[in-house]
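Heads up: the structure comes next, in structure tokens.
What follows is calculated from the coordinates using simple rules that are stated; it is not laboratory data. Everything numeric in this text was worked out from a predicted model, so none of it was measured. All Cβ positions, glycine included, derive from the backbone under ideal geometry; neighbour counts span all protein chains shown.
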């Protein structure tokens, strides 16, 4: 059974990505993630805070909860989730190549190949 619903899992994946470099999510990163995330989805501020708190309590367990939750989704949902992740990285931190390392790990662990994703976005 999934620990997170689809929308929560996407936000959790973003928390994982933005906290990966220094094990913290700065206030600026939270604002940037939230504003871009809220363009496509909605979570209450309280829910977002709970998710980022859970991330801070155990990154490895949190990561696998996110992955397992996304793996219960359809392929199309997983592709769309990854597109949201990529869009957020491109819009908020395009100059940070290190954001792509954890993003690619997520893509691989939810069973999406690079070619599948490229076909999905039409490139």
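Quick rundown of the values:
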| quantity | calculated |
| --- | --- |
| Computed over the chain, the ratio Rg/Rh where both radii use C-alpha atoms and Rh is Kirkwood | 0.92 |
| Highest-MSF residue in the chain out of 96, 104, 54 [GNM, Cα springs under 10 Å] | 96 |
| Helix-only CD estimate at 222 nm, as mean residue ellipticity for the chain, using -39500 (n - 2.57) per DSSP H run (n ≥ 4) | -22500 deg cm²/dmol |
| Residue 26-residue 38 pseudo-label distance in nm [points 7 Å out on the Cα-to-Cβ vector] | 2.1 nm |
| Contact order relative to length of the chain, as percent, for alpha carbon pairs under 8 angstrom and 6 or more apart | 38 percent |
| D_trans [Stokes-Einstein, Kirkwood Rh over alpha-carbon pairs] for the range 75-118, 25 °C, 0.890 mPa s, µm² s⁻¹ | 232 µm²/s |
| Choice from 12, 111, 58 with maximal GNM fluctuation in the chain (Cα, 10 Å cutoff) | 58 |
| Descending principal axes extents, the range 1-46, alpha-carbon based, whole Å | 30, 24, 17 |
